[in-house]
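**Q** One structure is given below, represented as structure tokens, and several questions about it will come after.
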Amino acid sequence: MKNNDNQLCLQSILLSFSKAIDLMHPELNKHHIHVGYIAYRIANLLGYNKDHIQDVVIAALLHDIGAFSGNERINISIFEDQSYANINLHAEVGYRLLRNFIPLSKASHYIRYHHKPWKSIQAQDKQITEIPIESHIIHIANRIAVLINKNQNILEQISNIQQRIIDYKNVFAPELIEICMELSIKESFWLDILYDSIDKTFCNELNLKFIPFCSEQLESLVELFRRIIDFRSRFTATHSSGVAATASTIAKIAGFSPEDVHKMKLAGYLHDLGKIVIPTEILESPNTLTSQEISIMRTHPYYTHIILKPVPYFDTIRIWGSQHHERVDGKGYPFHIGNTDLSLGSRIMMVADIFTALAEDRPYRKGLPTSEILNMMQVLIKKHVIDADVYNFLCNNVDEINYIRTVAQDNSKLEYQNFLKP
């Protein structure tokens, strides 16, 4: 499928994002893609039209987006564990994250109820008048996916999976059980699920939506990603907005064009997008991270790069954002880019990220005074970590930059508090 200058391919970025979500835990590799494929086959057999199927598949690809911790992801992936206390919490969070992004608004409603059982819904939830059948499609597709043992021949598992689904007839919609039985007699259905190019297979058939590439739609997409990144933890709830405000202000001082200042702001919002692969247990750890946890943390700028790479419009934003842990001397990570290969935009993002992080409260310390932060950054200049000229832009305008950063983060804090309200 070809892209052009005026359109954004929703397919590419959602697939990249859903793959990244599954990287949080190795046992869940390709889980969202598998659920998306099964849901696609169910919706297709039900006779849904193309647009309807697209919304179902998009919801399936993102159905666990509200599950922020590794333990939560594991708990909700256990087939029998429907009594898990927070089984519906992640579905509600996913709904709240996605509902205001118009291309995903329908999908958000399907996600909201994707763990609700077919029977006794009214008895359990008096306020819910009707659960969308699409939610039930995602529910049964999700449960089929978690029953598959990737270490065993898939064809040997068919009868057991069929029986497990039938045994839970009070949980799944009767017509969907019937559809799944019809699908399950075809070996090709099961083999397709585990085929390495499954994402290309069903997306080429489905031809997922393009989004008109207008500024409003782009801003809405970036805002969605910012909330997904920051709202995973109260300790990071305002970080991206602080980095965006700091980086874009420094870029303006440095003489960037208005267009590039705006790109710098977007890059600040998206620089930690790859943290979707980091469990909140690590992000919120009050202790010194272990070597294994540090290794996991060091992956996040790479995944920022990977998630944004399918969208050509984001190329500059991707470079500036994903290089925020590089060093001037080339000893940073994950690309070890330095010296003349490290752009001014990336150098600004590095300084903005460090300054904002040091000014914020973290699980293991309180935010530091500005004077102490500037002294620490001078040491980083001597160690060839950050750029001296960019530091001077910050230091010479620190009161203005700090004010702009604080206002942006206060606004994000208020937004986060409203997000948490029932």
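**Q** When you scan the range 368-378, do you find a residue that is more than 17 Å from residue 350 (Cα to Cα) and of a type in the set (Gly, Ala, Ser), even just one?
**A** Yes, because at least one residue in the range 368-378 is more than 17 Å from residue 350 (Cα to Cα) and of a type in the set (Gly, Ala, Ser).
**Q** For the range 154-174, how many residues are among the charged types (D, E, K, R), part of a helix (DSSP H, G or I) and over 27 Å from residue 195 (Cβ atoms)?
**A** 1
**Q** Can you tell me which condition residue 48 does not meet? The list is (1) out of contact with any helix residue (DSSP H, G or I) (no Cβ under 6 Å at 6 or more places or on another chain); (2) assigned to a helix (DSSP H, G or I); (3) at pLDDT 80 or above; (4) not charged (D, E, K, R), and all the others hold.
**A** (2)
**Q** Have a look at 375, 402 and point out the one that is out of contact with any Ser or Thr (no Cβ under 7 Å at 6 or more places or on another chain), polar (S, T, N, Q) and assigned by TED's automatic domain parsing to the domain that holds residue 267.
**A** 375
Table: residues versus (1) in contact (Cβ under 8 Å) with a residue 12 or more places away in the chain; (2) in a helix (DSSP H, G or I); (3) out of contact with any helix residue (DSSP H, G or I) (no Cβ under 7 Å at 6 or more places or on another chain); (4) over 30 Å from residue 90 (Cα atoms).
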{"position": "227", "(1), (2), (3), (4)": "yes, yes, no, no"}
{"position": "233", "(1), (2), (3), (4)": "yes, no, no, no"}
{"position": "242", "(1), (2), (3), (4)": "yes, yes, no, no"}
{"position": "250", "(1), (2), (3), (4)": "yes, yes, no, yes"}
{"position": "259", "(1), (2), (3), (4)": "no, yes, yes, yes"}
{"position": "262", "(1), (2), (3), (4)": "yes, yes, yes, yes"}
{"position": "266", "(1), (2), (3), (4)": "yes, yes, no, no"}
{"position": "275", "(1), (2), (3), (4)": "yes, yes, no, no"}
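**Q** Of everything in the range 131-153, what is basic (Lys, Arg) and assigned to a helix (DSSP H, G or I)? Give them in sequence order.
**A** Hit for the range 131-153 is 143, nothing else.
**Q** Would you confirm whether any residue within the range 313-322 is in a helix (DSSP H, G or I), in contact with a Phe, Trp or Tyr (Cβ under 8 Å, 6 or more places away or on another chain), of a type in the set (Ser, Thr, Tyr) and closer than 28 Å to residue 402 by Cβ?
**A** yes
The values are calculated or read from the model by the stated rules, or taken from the named source; none is laboratory data. Being a predicted model, the structure only gives us computed values, none of them experimental. Because the Cβ atoms are built from the backbone with ideal geometry, glycine has one as well, and the counts that use them run over all protein chains shown.
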